[in-house]
Amino acid sequence: MDNVLLYFSLKHEGDFKKIYESLKAKEPVDENEFIKLKRVLKTKYVTILDSNYPDFLKQVSCPPFVLFYEGNLKLAKNLKVGDAFIYSAFNDKRYLSTVEPSTDKGKFCFDYIIACESHDEFFNIREHVMDKKVPLKDYSKNTKHKQQER
C-alpha cells in the first residue's frame, strides 16, 4: 500500500483531493509510469501508514498521504500542529519545518526537519531554508534515495 500512496502522491504532486479521488475510484497503478516517477525520487519519504509518520499530522484535516523530507523526522514527533504544519507560499503546498539546537562533532548547529506533501515543491522549500545560511546538521551521508528505515 505504501507504493500505491507514493505513486499517486508523485503523480498528483501531493494534491490531497486528487490522491483521495484516485484511491476512492480504485484507479489502477500504471507500473511503467510508477517506475518513471520513482526514478526521479530524490529524497526520503514516509507514508501515513508508516510508524514513523508524525502522529499529530494524523489529527489534521486532509493529512498528507506522503511526506517527502530531509533531516531528523523524529523532531516532527515533538511539534504542535499550529506551530509546524502550515500552508506555505510555495504554490499552496503544505510543509513543515523546524530546527532545534544541537552539536555535531563538537560544533554548534541545528538539527532540523524539512518536509512537504509535494516532492517537486520540497526542493523549493529546501532551497529557501538553505539560503538562510543557518548552520544545519549535516545529513548528506544519510541521503540515500530510499524510504525511512522502519
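Bear in mind that the values in this text are calculations on the coordinates, not laboratory data. Since the model is a prediction, treat every value here as computed from it, not as a measurement. Counting neighbours? That spans all protein chains shown, and the Cβs are built from the backbone with ideal geometry, glycine included.
Normalise the Cα radius of gyration of region 8-57 by 2.2 N^0.38 Å (N = residues in it) and let me know the number. Don't skip to the end; give the middle numbers.
Working: Rg = 12.1 Å, N = 50, 2.2 N^0.38 = 9.7 Å.
Taking the Cα Rg and dividing by 2.2 N^0.38 Å, one obtains 1.24.
Residue by residue, what Karplus-based ³J(HN,Hα) values in Hz, rounded to whole numbers, does region 16-28 have, using 6.51, -1.76 and 1.60 with θ = phi - 60° and x for Gly and Pro?
Values per residue, Gly and Pro as x: 3, 4, 5, 5, 4, 5, 5, 5, 4, 7, 6, 4, x Hz.
Using each residue's phi in region 106-112, evaluate 6.51 cos²θ - 1.76 cosθ + 1.60 at θ = phi - 60° and report the 3J(HN,Hα) Karplus result to the nearest Hz, with x for Gly and Pro.
x, 9, 5, 7, 10, 6, 8
Using 1/(1 + (r/R0)^6) with R0 = 22 angstrom and r between the beta carbons of LEU23 and VAL60, what's the FRET efficiency to the nearest 0.05? Could the numbers behind the result be given before it?
Numbers: r = 18 Å, r/R0 = 0.82.
Calculated transfer efficiency: 0.75.
With the cut-off at 1.5 for a/c, could you classify region 1-139 from its C-alpha gyration tensor as rounded, prolate or oblate?
Prolate, since a/c reaches 1.5 and a/b exceeds b/c.
Could you tell me which of the pairs LYS18/LYS132; LYS11/LYS137; LYS26/LYS77; LYS17/LYS44; LYS36/LYS58 are separated by over 26 angstrom between their Cα atoms in the structure shown? Could the numbers behind the result be given before it?
Working: LYS18/LYS132 33 Å; LYS11/LYS137 31 Å; LYS26/LYS77 31 Å; LYS17/LYS44 23 Å; LYS36/LYS58 29 Å.
Going by Cα-Cα distance, LYS18/LYS132; LYS11/LYS137; LYS26/LYS77; LYS36/LYS58 fall outside the 26 Å limit.
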